[in-house]
1. For the stretch 21-38, how many residues are of a type in the set (Ser, Thr, Tyr) and within 25 Å of residue 203 (Cβ to Cβ)?
2. Which numbered condition trips up residue 20, out of (1) farther than 23 Å from residue 285 by Cα; (2) within 21 Å of the chain's Cα centre (by Cα); (3) modelled with pLDDT under 90?
3. Out of all the residues in the stretch 8-25, which are open to solvent by less than 60 Å² (accessible area, probe 1.4 Å) and either within 14 Å of residue 195 (Cβ to Cβ) or in a helix (DSSP H, G or I) (or both)?
4. Go through the stretch 107-128 and give me each residue that's under 15 Å from residue 256 (Cβ atoms) and among the small types (Gly, Ala, Ser).
5. Please note which helices (runs of 4 or more DSSP H) are completely contained in the stretch 45-135 and include at least 2 residues that are β-branched (Val, Ile, Thr) and open to solvent by less than 20 Å² (accessible area, probe 1.4 Å).
6. All but one of (1) part of a loop (DSSP other than H, G, I, E, B); (2) in contact with a Ser or Thr (Cβ under 8 Å, 6 or more places away or on another chain) hold for residue 215, so report the exception by its number.
7. Residue by residue through the stretch 105-130, note down the ones that are within 17 Å of the chain's Cα centre (by Cα) and among the hydroxyl-bearing types (Ser, Thr, Tyr).
8. Quickly run through the stretch 196-211 and pick out the residues that are surrounded by 13 or more Cβ atoms within 10 Å (Cβ to Cβ) and either farther than 13 Å from residue 16 by Cβ or hydroxyl-bearing (Ser, Thr, Tyr) (or both).
Amino acid sequence: MNGELSARLHEPVYAALWSFGSGWLVLTVVLLTSRRTRAGIRALVADIRAGGLPLWQTFGGLLGGTYVLVQSYAVPLAGVALFTIAVVGGQTGYAIVVDKIGLGPAGRAAVTPLRVVAAILATVGVGIAVLGRVGAPGSMNGVTDGPVAAVGAAVAVPVVLALLVGGLHSVQSAINGRVNVVTGTPWATTWLNFTNGLLLLATVALLRRVAGGLGPVHVDEPPGWVWFGGLAGVVFVGVAAVVVRHLGVLHTMLVLLCGQLLGALALDLVNPATRHTVTSVVVVGLVLTAVAAVLPTLRRVGGLGS
């Protein structure tokens, strides 16, 4: 949704502002009408004042906003496929470290061969699925849609940044989970995330506008469904904040990645214009990612500890 809206608006920052802004409006309505949500915010403030939760752990939304900003910079230079693979590699790699130090509410999890294999397998699976999709007959292989947009030093910085923001996404999930334990409701946690992210994006947009780097909005008649990316983001952040307490960061990342690929596959199959991109290679990538999502649930596989 956000990707399509970005293309129709010709400016990723505007698409990100709409996504965060629309989600924030919905969450603010919930905040104003739900006593439990307001109680969750009050509980969070009280816990911070009492020295329970460090203040920095409430800024997870800034990490989400940073991801959007890096995406708008890196995708035109490195391409969607390479950016996606780098992000997933960062997510799964950092997730292992985040679980090891116990940053998330699920506590510490040892670095075991099984967890490492799951992280690698997920990255490979996503890579195969993405490259299989953009390499399908009739797909565009231009700057933003091809397997890579450039080679050599030209993509080094975008790829490194993609790895970093992928890792930050794992950190965001971990601290969101801790915030959710205090608030007792994902609505409060998600509202806080969207507020932080929206403030960051609005500040960047304002600075760019003042500097003359952000032009007026132009919309190329997008389909109605593209406007619901913010609501999808609300669900994504809220579910992750709840699930990470029970699954840990790595397993949460793997399950969410599998769900994203399944959703993308369903959308491609429904849309006649993209149905041809669903190839056997894409399905293989999805299967590998699904296997990776299952691996952390196994306590012992051939003597490998989970």
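1. Step one: filter the stretch 21-38 for residues of a type in the set (Ser, Thr, Tyr), giving 22, 28, 33-34, 37.
If we keep only those that are within 25 Å of residue 203 (Cβ to Cβ) as well, we get 22, 28.
Going through the stretch 21-38 one residue at a time, the tally reaches 2.
2. The one condition residue 20 does not meet is (3).
3. From the stretch 8-25, those open to solvent by less than 60 Å² (accessible area, probe 1.4 Å) are 9, 11-17, 19-23; that's our starting set.
Those that are open to solvent by less than 60 Å² (accessible area, probe 1.4 Å) and either within 14 Å of residue 195 (Cβ to Cβ) or in a helix (DSSP H, G or I) (or both): 9, 12, 13, 14, 15, 16, 17, 19, 20, 21, 22, 23.
4. Within the stretch 107-128, the subset under 15 Å from residue 256 (Cβ atoms) is 118-119, 122-123, 125-126.
Result: 118, 119, 122, 125.
5. Values: elements: 60-78, 80-101, 113-134.
Of the helices (runs of 4 or more DSSP H) lying wholly inside the stretch 45-135, those with at least 2 residues that are β-branched (Val, Ile, Thr) and open to solvent by less than 20 Å² (accessible area, probe 1.4 Å) span 80-101, 113-134.
6. Among (1) part of a loop (DSSP other than H, G, I, E, B); (2) in contact with a Ser or Thr (Cβ under 8 Å, 6 or more places away or on another chain), residue 215 violates only (2).
7. 123
8. Going residue by residue through the stretch 196-211, those that are surrounded by 13 or more Cβ atoms within 10 Å (Cβ to Cβ) are 196-202, 204-205, 208-209.
Listed by number, the residues that qualify are 196, 209.
The values are calculated or read from the model by the stated rules, or taken from the named source; none is laboratory data. Please read these numbers as outputs of a predicted model, since none were measured by experiment. Cβ coordinates were reconstructed from backbone atoms using ideal geometry, including for glycine residues, and neighbour counts include every protein chain displayed. Note: accessible area is taken over every heavy atom of the protein model, side chains too, but ligands, DNA and RNA are not part of it. Shrake-Rupley method; radii C 1.70, N 1.55, O 1.52, S 1.80 Å.
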